[in-house]
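Peer 1: Dumping the structure here so I can ask a few things about it.
The values are calculated or read from the model by the stated rules, or taken from the named source; none is laboratory data. Here the structure is a predicted model, which means the values were calculated and not measured. In this analysis, Cβ positions are derived from the backbone assuming ideal geometry, glycine residues included, and neighbour counts consider all displayed protein chains. For accessibility, only protein heavy atoms count, side chains too; no ligands or nucleic acids. Shrake-Rupley method; radii C 1.70, N 1.55, O 1.52, S 1.80 Å.
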Amino acid sequence: MAFDIKDKYLGCIIGAAAGDALGAATEPLSTQQIIETYGGPVTDFQTPAATTLSRGRQAGQVTDAFSIPYFLSQHILAAGGKVSRALGEDTLREWGESEWFAPFAGMTTRKAVNRLKENDKQELWSYAGHLGNKLFKGHYYALSSNGAAVKAWPAGLLHPSDINAAIADAVELTMASHDDPLSISGACAMAAAVSQALDENTTLYDIIQSAIYGASEGEKLAREREDIWVYPGPSVVRRIEMAIDVVMKYPDDGMEALRDLIGSGPAVAETLPTALGLLLVHQGQIMPALIDAVNIGDETAAIASIIGAIGGSWRGSAAFPTHYQTTVEQANCFDLLDLANRWVDLIALA
């Protein structure tokens with residue numbers, strides 16, 4: 001098959017959106033609860049059950065996992081590819097007025113948006129996002145959350161096959177909402193993986209190694225900044241390496257092993273390594289990895305969106321059933337092909 005960069009961009013966008021929408025029906029249920037709720041593993045778009053965060057929404061609708069980077073893409077394109085922390089903050093201001101903010105914003109993003117909106121209301125969920133709150137500090141994921149990683153694929157699209165440039169822009173964009181080294185490490189791992197996946201001759205090994213490099217370099221760059229919050233938490237780099245070891249040790253039940261040993265919760269040190277681990281479990285087969293992500297439990301939308309974005313950047317739109325694009329577009333009033341075309345036009349001008 002001839003190399004088609006436009007199809008890789010479309011694949012990334014379809015995968016990120018469809019992964020999110022598929023996982024919306026299962027987040028935050030456990031694997032067993034998913035089976036009990038839907039009569040078996042979820043393998044296609046489902047109307048979210050009443051016990052999910054997406055209750056009341058229809059099959060194929062996305063959550064924050066795709067809607068934030070979707071808004072971010074629009075801002076990057078409007079700025080001609082010039083990114084900054086301020087651009088990330090403008091994105092959050094706009095997203096904070098959207099239909100996705102109230103039901104889906106996590107602690108870290110909600111805190112950032114409320115700060116930008118100068119919201120002084122101290123409702124429980126917002127108050128929990130202040131650094132002095134023990135509940136917030138007691139759960140490292142509340143700070144270094146997966147929101148940093150799920151919104152990082154635009155930095156990868158901005159710099160195909162240029163990992164260092166993708167990492168640099170991911171740092172700036174992540175600072176808008178997740179101004180700590182661990183979150184930035186996860187975001188840079190994601191941006192580097194997508195950048196590498198867009199390369200014509202890349203392999204799964206190359207993508208995983210790029211993610212490890214991105215996580216390491218991103219954390220290093222973050223710790224060199226003065227405008228950064230530093231606090232203890234698990235290393236994204238070490239967790240990716242651990243995920244690789246887990247898959248090698250438990251090849252026959254990789255999804256269960258990753259869920260039980262790495263975790264599938266909101267921490268970026270769980271979500272990102274587990275997503276990469278699922279790609280390894282299935283030796284680069286995108287759809288089996290995506291379906292495992294939807295059924296692994298807890299942060300299913302984020303994990304599936306990460307796998308979809310990386311897998312689509314690597315394999316293109318053909319990695320997914322054709323109805324994925326049409327279903328997501330109709331359910332959310334998106335034009336994913338137009339977005340991909342605009343990205344390619346921007347890159348062509350670089």
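Peer 1: Mind checking which pairs have a first residue in segment 190-216 that is closer than 13 Å to H159 by Cα and a second that is among the basic types (K, R) and surrounded by 18 or more Cβ atoms within 10 Å (Cβ to Cβ), Cβ under 9 Å, 6 or more apart or different chains?
Peer 2: Cβ pairs passing all conditions: M190/K151; A197/K8; A197/R315; L198/K8.
Peer 1: Out of A340, A289, A293, I need the residue that is open to solvent by less than 10 Å² (accessible area, probe 1.4 Å) and within 19 Å of T202 (Cα to Cα). Which one?
Peer 2: The unique qualifying residue is A289.
Peer 1: Oh, and also: Six or more apart or on different chains, Cβ atoms under 6 Å: show the pairs whose first residue is in segment 65-82 and within 23 Å of A25 (Cβ to Cβ) and whose second is among the aliphatic types (A, V, I, L, M).
Peer 2: Between residues of segment 65-82 that are within 23 Å of A25 (Cβ to Cβ) and residues that are among the aliphatic types (A, V, I, L, M), the close pairs are A65/V150; A65/A301; A65/A302; F66/A16; F66/A17.
Peer 1: Take the residues in segment 1-43 that are β-branched (V, I, T) and open to solvent by 20 Å² or more (accessible area, probe 1.4 Å); name whichever of them is modelled with the lowest pLDDT.
Peer 2: I5
Peer 1: Considering I244, I228, which residue is of a type in the set (A, V, I, L, M), surrounded by fewer than 22 Cβ atoms within 10 Å (Cβ to Cβ), at pLDDT below 95 and out of contact with any strand residue (DSSP E or B) (no Cβ under 9 Å at 6 or more places or on another chain)?
Peer 2: Checking each option against the conditions leaves just I228.
Peer 1: Which of the residues belonging to segment 260-273 are part of a helix (DSSP H, G or I) and over 15 Å from the mean Cα position of the chain (by Cα)?
Peer 2: The answer is D260, L261.
Peer 1: Shifting gears a bit: Among the helices (runs of 4 or more DSSP H) lying completely within segment 274-340, list those that include at least 2 residues that are of a type in the set (S, T, N, Q).
Peer 2: Those helices (runs of 4 or more DSSP H) span 300-315, 323-332.
Peer 1: Could you tell me whether segment 44-66 includes any residue that is in a helix (DSSP H, G or I), crowded, with 24+ Cβ neighbours inside 10 Å and not small (G, A, S)?
Peer 2: Yes, the conditions are met somewhere in segment 44-66.
Peer 1: If you scan segment 326-337, which residues turn out to be closer than 17 Å to K8 by Cβ and crowded, with 20+ Cβ neighbours inside 10 Å?
Peer 2: L336
Peer 1: Can you go through P234, P266 and tell me which one is within 27 Å of Q285 (Cβ to Cβ), modelled with pLDDT under 95 and in contact with a strand residue (DSSP E or B) (Cβ under 8 Å, 6 or more places away or on another chain)?
Peer 2: Selected residue: P266, the only one of P234, P266 that is within 27 Å of Q285 (Cβ to Cβ), modelled with pLDDT under 95 and in contact with a strand residue (DSSP E or B) (Cβ under 8 Å, 6 or more places away or on another chain).
Peer 1: For segment 151-170, what are the residues that are open to solvent by less than 10 Å² (accessible area, probe 1.4 Å) and in a helix (DSSP H, G or I)?
Peer 2: Hits for segment 151-170 are W153, P154, A155, G156, L157, A166, I167, A170.
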